[in-house]
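Report on the structure given below.
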Amino acid sequence: MASGSSQLFADALKRIPGGVNSPVRAFRGLGREPFFIERAEGARIWDVDGNEYIDYVGSWGPAILGHAPAVVVDAIRAAAPRGVSFGIPNPLEVEMAELICRWVPSIEKVRMVNSGTEATMSCLRLARGFTGRDKIIKFDGCYHGHVDALLVQAGSGALTHGQPDSAGVPADFAALTISLPFNDIEAVRVAFRKNAKAIAAVILEPIPANAGLYFPRENFLEALREECTRSGALLIFDEVMTGFRVARGGAQELFGIRPDLTALGKVIGGGLPVGAFGGRAEIMDQLSPDGPVYQAGTLSGNPLAMAAGLAQLHELERIDAWKTLEATGAKFEEAVRATLHDLAMAWTFHRVGSMFCLFFTQKPVADLASAKRSDTEKFARYFRGCLERGIYFAPSQFETGFLSTAHRDSDLEATVRAMRESL
Ligand code: HOZ
């Protein structure tokens with residue numbers, strides 16, 4: 001029987017491709033193997049060798065209240081004895097749908113799915129069915145899960161592992177995807193001109209967080225909204241990461257933009273496997289059984305996932321978590337900037353609310369090309385140095401850090417100390 005991360009990884013390599021169930025966990029290019037987690041609580045995780053870490057990955061986003069928050073664990077405990085899966089409607093799905101539509105006003109109707117990938121995949125099919133068009137515009141470095149049409153110039157693990165255009169995606173599919181530099185509205189206008197009446201949708205992370213973290217330039221999102229409206233294409237916001245995190249109503253609330261469709265995931269499930277997609281009722285009504293666009297799922301609206309997600313969302317509202325997260329984020333940013341200020345090295349620090357990223361370049365980062373200027377060898381040394389000091393940041397330059405309401409001032413102080421010692 002395996003024990004210890006190193007033995008577990010050796011065993012995993014024999015039976016699991018790359019030893020991991022998702023490539024971002026593989027720690028490739030970082031000069032060490034992944035560790036295996038035994039338990040997690042609040043802002044901390046413990047590996048099977050007894051090492052303790054302050055965690056800034058938070059399960060890649062869902063753990064906004066920290067790990068295993070009592071409200072979520074209690075909700076799962078209360079729901080489980082009543083049945084763990086029904087495959088038939090349950091009341092919690094209706095409560096979840098009503099809450100989402102209340103918090104995200106662009107969503108008039110919503111379907112629950114099981115992951116962010118399913119959510120974006122369903123958005124694309126629906127956009128194509130609704131518009132009767134086939135082409136999609138996405139942006140270089142944005143990652144929308146492992147959907148065929150969206151693994152073109154993709155970020156996250158696809159970028160980290162050098163496979164932004166995945167093998168196995170038929171060239172005919174990829175040809176329907178136009179990938180453009182983020183923040184380049186002129187490129188978008190040219191693409192619309194060249195493909196008049198062929199573009200079904202523009203999909204983007206309104207705050208890209210899968211090639212590091214960077215921001216839309218002023219008026220970029222507004223201009224996208226205008227171009228889509230003018231041409232009859234749908235604007236799809238992938239808010240799998242930003243939804244319920246950067247504001248109660250996500251990035252669209254922050255920027256005051258109303259997309260036609262929105263993909264959600266992560267926070268919405270309280271750590272259980274959940275996604276959702278929703279938008280204008282006339283578009284959503286194209287879904288089967290009302291309309292001709294097919295989409296389905298045995299586990300969609302699963303009672304445990306709904307219970308966990310609702311408990312997490314209600315708790316976020318009860319404690320006005322977004323205020324706390326902004327305050328924690330601001331404190332962290334101030335401490336990081338003060339620490340890095342004295343060091344003779346190139347850096348750029350980005351933050352929005354509880355999401356952050358440190359790039360090892362002095363030049364502004366506003367798209368994939370500029371994000372790739374970051375010195376990834378320096379990142380690897382910094383990552384390892386922090387890990388040795390009990391701080392777990394995402395194991396790639398091309399990911400984003402997450403704070404939670406469980407991170408305390410003492411955690412932030414220990415983190416910034418470790419950062420300084422590792423640089
Ligand atoms: N979507 C996550 C952030 N880039 C990564 C999760 C994964 O691919 O395993």
Which residue fluctuates most in the GNM of the chain (Cα springs below 10 Å): Gln362, Gln312, Gln397?
Gln362
What residue among Leu176, Leu304, Leu313 has the largest mean-square fluctuation in a Gaussian network model of the chain, using Cα springs under 10 Å?
Leu176
Per DSSP helix of 4 or more residues, -39500 (n - 2.57); summed, then divided by the residues of the chain. What does that give at 222 nm, rounded to the nearest 500?
-11000 deg cm²/dmol
Taking the chain as a Gaussian network, Cα atoms linked when under 10 Å apart, which of Thr120, Thr328, Thr348 shows the biggest mean-square fluctuation?
Thr348
Sorted by average packing, counted as other Cβ atoms within 10 angstrom per residue and highest first, what order do 329-335, 266-272 take?
266-272, 329-335
Quick check on the stretch 327-403: take the gyration tensor over C-alpha atoms, sort the square-rooted eigenvalues as a ≥ b ≥ c, and tell me if it's rounded (a/c under 1.5), prolate or oblate.
rounded
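Subtract the Cα-Cα distance of Ala10 and Arg258 from 0.36 nm times their separation in residues, and report this length gain in nm to one decimal. Don't jump to the answer; show the numbers that get you there.
On the way: separation 248, 0.36 × 248 = 89.28 nm, distance 4.82 nm.
The span from Ala10 to Arg258 would gain 84.5 nm if fully extended.
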With the dipole of the chain defined by +1 on each Lys or Arg Cβ and -1 on each Asp or Glu Cβ, the option from Leu264, Leu30, Phe356 whose Cα lies farthest towards the positive pole is Leu30
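With the Cα gyration tensor of the stretch 1-151 giving a ≥ b ≥ c as the square roots of its eigenvalues, does the rule (a/c under 1.5 for rounded; else a/b larger than b/c for prolate; else oblate) give rounded, prolate or oblate?
On the way: a/c = 2.16, a/b = 1.34, b/c = 1.62.
Oblate, because a/c is 1.5 or more while a/b does not exceed b/c.
Is the shape of the stretch 65-216 best called rounded, prolate or oblate, per the rule: a/c under 1.5 gives rounded, else a/b larger than b/c gives prolate, else oblate, with a ≥ b ≥ c the square roots of the Cα gyration tensor eigenvalues?
Numbers: a/c = 2.09, a/b = 1.74, b/c = 1.20.
Note, shape of the stretch 65-216 comes out prolate.
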Cα-based reach from Lys14 at 19 Å (exclusive), listing aspartates and glutamates while leaving out same-chain residues under 8 positions away:
Glu33
Note to self: C-alpha centroids of the stretch 368-423 and the stretch 1-63 sit apart, in Å, by 16 Å
At what distance in angstrom do the alpha carbon centres of the stretch 322-349 and the stretch 125-163 lie from each other?
32 Å
Too-long pairs where the Cα-Cα distance tops 29 Å, listed order kept, from Lys323/Lys372; Lys109/Lys266; Lys138/Lys372; Lys194/Lys363; Lys138/Lys266; Lys109/Lys135
Lys323/Lys372; Lys194/Lys363
Linear extension gain, Ser288 paired with Asn51, 0.36 nm per residue minus alpha-carbon span
80.4 nm
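Within a Cβ distance under 10 Å of Phe360, other residues only, what is the Lys/Arg minus Asp/Glu net charge? Kindly include the intermediate steps, with their values, before the conclusion.
Values: positive: Arg373, Lys378, Arg381; negative: Asp375, Glu377.
Around Phe360, the surrounding residues sum to +1.
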To the nearest 0.05, how large is the calculated FRET efficiency for Lys363 and Val73 if R₀ is 45 Å and r is the Cβ-Cβ distance?
0.50
How high is the FRET efficiency between Val94 and Glu377 when r is their beta carbon distance and R₀ equals 45 Å, given to the nearest 0.05?
0.30
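Every read-out reported here was derived from the displayed coordinates using simple, explicitly stated rules and does not represent laboratory data. Nothing here was measured: the structure is a model prediction, and the numbers come from that model. Note: ideal-geometry Cβ built from the backbone for every residue, glycine included; neighbour counts use all protein chains shown.
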